[in-house]
1. Could you grab the pairs with beta carbons closer than 7 Å, sequence gap of 6+ or different chains, first residue in the range 144-167 and surrounded by fewer than 14 Cβ atoms within 10 Å (Cβ to Cβ), second one part of a helix (DSSP H, G or I) and aliphatic (A, V, I, L, M)?
2. Within the range 123-136, can one find any residue that is assigned to a loop (DSSP other than H, G, I, E, B) and touching a residue at least 60 places away in the same chain (Cβ under 8 Å)?
3. Could you please tell me which pairs satisfy a Cβ distance under 6 Å, a separation of 6+ or placement on different chains, a first residue in the range 4-26 that is in a helix (DSSP H, G or I), and a second residue that is at pLDDT below 75?
4. How many residues are open to solvent by 50 Å² or more (accessible area, probe 1.4 Å) and either closer than 12 Å to Phe172 by Cα or assigned to a loop (DSSP other than H, G, I, E, B) (or both) when one looks only at the range 76-92?
5. Residue by residue through the range 36-48, note down the ones that are more than 20 Å from the chain's Cα centre (by Cα) and either of a type in the set (A, V, I, L, M, F, W, C) or surrounded by 12 or more Cβ atoms within 10 Å (Cβ to Cβ) (or both).
6. Quick check: is even one residue across the range 53-60 open to solvent by less than 50 Å² (accessible area, probe 1.4 Å), in contact (Cβ under 8 Å) with a residue 24 or more places away in the chain and under 22 Å from Gln129 (Cβ atoms)?
Amino acid sequence: FNPEDIQSMLTDNIYIQFFSILSIEVITLLLIAYTLKIKGATLWKSVGLGARPTLGNLGYSLLAYGAYFVAFIFIAVFVSWAIPAVDVEQAQQLGFDSPTGLELIPVYLSLVVLPAFVEEVLFRGFLFQRLRALINLKFAIFITSLIFSVAHLEFLSGGPLNYIAAIDTFIFSIFLIALLLKTKTLWASIF
């Protein structure tokens, strides 16, 4: 294989893209578990997944999502007025081109299921909880949300930085942390 063939497989084959994403997500979880094991902790309980998910977690997540959505709309309108250079209609680069039929399954898993679980474990379960133990709660919320938003700027997309996606994910992260603090479990944030 030459580099162009490898690049083509990674960008044109949905199943290879899925297994690449799955591999990265599994490695991320293993690294978090290893880090926690060194400190004498277990992954599930340390990140807030010790208890089983409940319908209450789902209810709180629906309420938080509604509140986040309203907050984001107001902030997006304000940003479009206050900072016209930010393209509030810029679409996120999802990395999949026109999937159809059964290809929709790995795309759904790659964009909805895996990130919901792994990003919550990484950002709210691991990073936020470690920061919270070290610094003021407000700073822990801010730093976690800032890092989460910077990760969504789409540095490697080849296009302009996606500032509205970063603003969106910053706000979303605050609501996800509020869910974690309210429910004492990561399941509501994952939902």
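1. Final answer for the pair search is Val150/Ala166.
2. No, every residue in the range 123-136 fails to be assigned to a loop (DSSP other than H, G, I, E, B) and touching a residue at least 60 places away in the same chain (Cβ under 8 Å).
3. Note: pairs meeting the criteria are Ile16/Met9.
4. Number satisfying all stated conditions: 8.
5. Leu36, Lys37, Ile38, Ala41, Thr42 - these are the residues of the range 36-48 that are more than 20 Å from the chain's Cα centre (by Cα) and either of a type in the set (A, V, I, L, M, F, W, C) or surrounded by 12 or more Cβ atoms within 10 Å (Cβ to Cβ) (or both).
6. Yes: one or more hits.
The values are calculated or read from the model by the stated rules, or taken from the named source; none is laboratory data. Everything quoted here is computed from the prediction, not taken from an experiment. Don't worry about glycine lacking a Cβ; one is built from the backbone with ideal geometry, like all the others, and counts go over all protein chains shown. Please note that ligands, DNA and RNA were not included when accessible areas were found on the heavy atoms of the full protein model with its side chains. Shrake-Rupley method; radii C 1.70, N 1.55, O 1.52, S 1.80 Å.
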